[in-house]
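Colleague: Provided herewith is a single structure, encoded as structure tokens, for subsequent inquiry.
The values are calculated or read from the model by the stated rules, or taken from the named source; none is laboratory data. Please read all numbers here as calculations on a predicted model, not as lab measurements. Please note: Cβ atoms are built from the backbone with ideal geometry, for glycine as well, and neighbour counts cover all protein chains shown.
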Amino acid sequence: MVTRTEIAASQESPRPQRRDRQVVLRAILRSRLLDRAISAVTIVFLLGLWIYVTDRQLVRPLFLPPPSALRDAYEALAPNLKQDIYDTVVVRIIPGFFIGTSLGMLLGVLMATNRFVRAVADPVVEILRPLPPLALIPLLILWSGIGSRTQIALIAYGSFIVMVITSYEAVRNVPPIYLHAADTLGATSFQKFRRVVIPAIIPDIFGGIRVATAASFGYAVAAELIGAQSGLGYRLILARRYLKTDNIVVILIVITVLAFVADQIVRRVNDRLTRWKSRI
């Protein structure tokens, strides 16, 4: 027979489990808050160090301008800043990024799923992969001249190389057990590709997209350093020519903010599309 004591113990048993879960959730929350607090303190410390060094004039303003100089430099750059951002991001980065990533993903998936395409494209990709994109600038200028086409082509090439390797390895790393399970359930080749391969490679694909996004800003600025008449890279050249370090720092901050915003957009899309994937 079951005694009253055993019944009471069985009814009270979930409570410790709930308490344990609450303790774990509180620990996780505290750890995240602690990490954010440490990050905030680090930023505040660096800003304070910057203000202290520049206020005491321990470093010449030519090498490290004070915050007040950055404010004045931003006000001086503001009339042309919107147009420069538009020319760099909209005219050059976005077209080059989408052309390069689209072609790279398409070729990478085809190489991983088709032996003939892999046999044809793999030697070409392996030859181009070690080649630094910036080394192509003289050749691209020779082919396309000095203009937006050259800059878009450079960004597209850099994004293409990143995405073709990422896509190829992502498809190859799909767990075979997923495909075997689909075969057991009678799925066709197209169904396996749409229902199994694509969802499985999305996390890796977005990892490559984040790398290509950050690299696109670097390639765009590097391309604008040669021959461009507008854009953030062009403003960097003018600032270097006239030794305006404050302008250089302001433009670098703008580029950093734009790249950070673009990366956050990609991360949000990735988190929404891969909510099913467990993360640490």
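This table checks each residue for (1) surrounded by fewer than 18 Cβ atoms within 10 Å (Cβ to Cβ); (2) under 23 Å from the mean Cα position of the chain (by Cα); (3) of a type in the set (A, V, I, L, M, F, W, C).
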site	(1), (2), (3)
Tyr168	no, yes, no
Val174	no, yes, yes
Ala182	no, no, yes
Ala187	yes, no, yes
Ile209	no, yes, yes
Ser216	no, yes, no
Ala220	no, yes, yes
Leu243	yes, no, yes
Asp246	no, no, no
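Colleague: Any idea which of (1) touching a residue at least 60 places away in the same chain (Cβ under 8 Å); (2) over 15 Å from Val250 (Cα atoms) is the one Leu46 doesn't satisfy?
Modeller: (1)
Colleague: How many residues are free of Cβ contacts under 8 Å to residues at least 40 places away in the same chain and either buried (at least 18 other Cβ atoms within 10 Å of the Cβ) or out of contact with any helix residue (DSSP H, G or I) (no Cβ under 8 Å at 6 or more places or on another chain) (or both) if we restrict to segment 107-130?
Modeller: The number of residues fulfilling the criteria is 11.
Colleague: What do you reckon, is Arg149 surrounded by fewer than 16 Cβ atoms within 10 Å (Cβ to Cβ), of a type outside the set (Gly, Ala, Ser), touching a residue at least 24 places away in the same chain (Cβ under 8 Å) and more than 25 Å from Asn247 (Cα to Cα)?
Modeller: On the way: surrounded by fewer than 16 Cβ atoms within 10 Å (Cβ to Cβ): yes; of a type outside the set (Gly, Ala, Ser): yes; touching a residue at least 24 places away in the same chain (Cβ under 8 Å): no; more than 25 Å from Asn247 (Cα to Cα): yes.
No; evaluated as a whole, the condition is false for this residue.
Colleague: Which one of these does Leu243 not meet: (1) closer than 23 Å to Ala76 by Cα; (2) free of Cβ contacts under 8 Å to residues at least 60 places away in the same chain; (3) part of a loop (DSSP other than H, G, I, E, B)?
Modeller: (2)
Colleague: If we scan segment 142-161, do we find a residue that is modelled with pLDDT of 90 or more, hydroxyl-bearing (Ser, Thr, Tyr) and either assigned by TED's automatic domain parsing to the domain that holds Pro203 or in contact with a strand residue (DSSP E or B) (Cβ under 9 Å, 6 or more places away or on another chain) (or both)?
Modeller: Checked against the condition, which is being modelled with pLDDT of 90 or more, hydroxyl-bearing (Ser, Thr, Tyr) and either assigned by TED's automatic domain parsing to the domain that holds Pro203 or in contact with a strand residue (DSSP E or B) (Cβ under 9 Å, 6 or more places away or on another chain) (or both), segment 142-161 yields at least one hit.
Colleague: Kindly indicate which of Leu225, Leu273, Leu252 is modelled with pLDDT of 90 or more and surrounded by 14 or more Cβ atoms within 10 Å (Cβ to Cβ). Spell out how you get there, then give the answer.
Modeller: Values: Leu225 fails: modelled with pLDDT of 90 or more; Leu273 fails: modelled with pLDDT of 90 or more.
Matching residue, one of Leu225, Leu273, Leu252: Leu252.
Colleague: Take Ser167 and decide whether it is assigned by TED's automatic domain parsing to the domain that holds Lys192 and either basic (Lys, Arg) or touching a Leu at 6+ places or on another chain (Cβ under 8 Å) (or both). Before the answer, list the steps.
Modeller: Numbers: assigned by TED's automatic domain parsing to the domain that holds Lys192: yes; either basic (Lys, Arg) or touching a Leu at 6+ places or on another chain (Cβ under 8 Å) (or both): yes.
So Ser167 passes the test.
Colleague: Test Gly158 against the criterion of being in contact with a helix residue (DSSP H, G or I) (Cβ under 9 Å, 6 or more places away or on another chain), surrounded by 15 or more Cβ atoms within 10 Å (Cβ to Cβ) and within 15 Å of Thr213 (Cβ to Cβ), and give yes or no.
Modeller: Values: in contact with a helix residue (DSSP H, G or I) (Cβ under 9 Å, 6 or more places away or on another chain): yes; surrounded by 15 or more Cβ atoms within 10 Å (Cβ to Cβ): yes; within 15 Å of Thr213 (Cβ to Cβ): yes.
Yes; evaluated as a whole, the condition is true for this residue.
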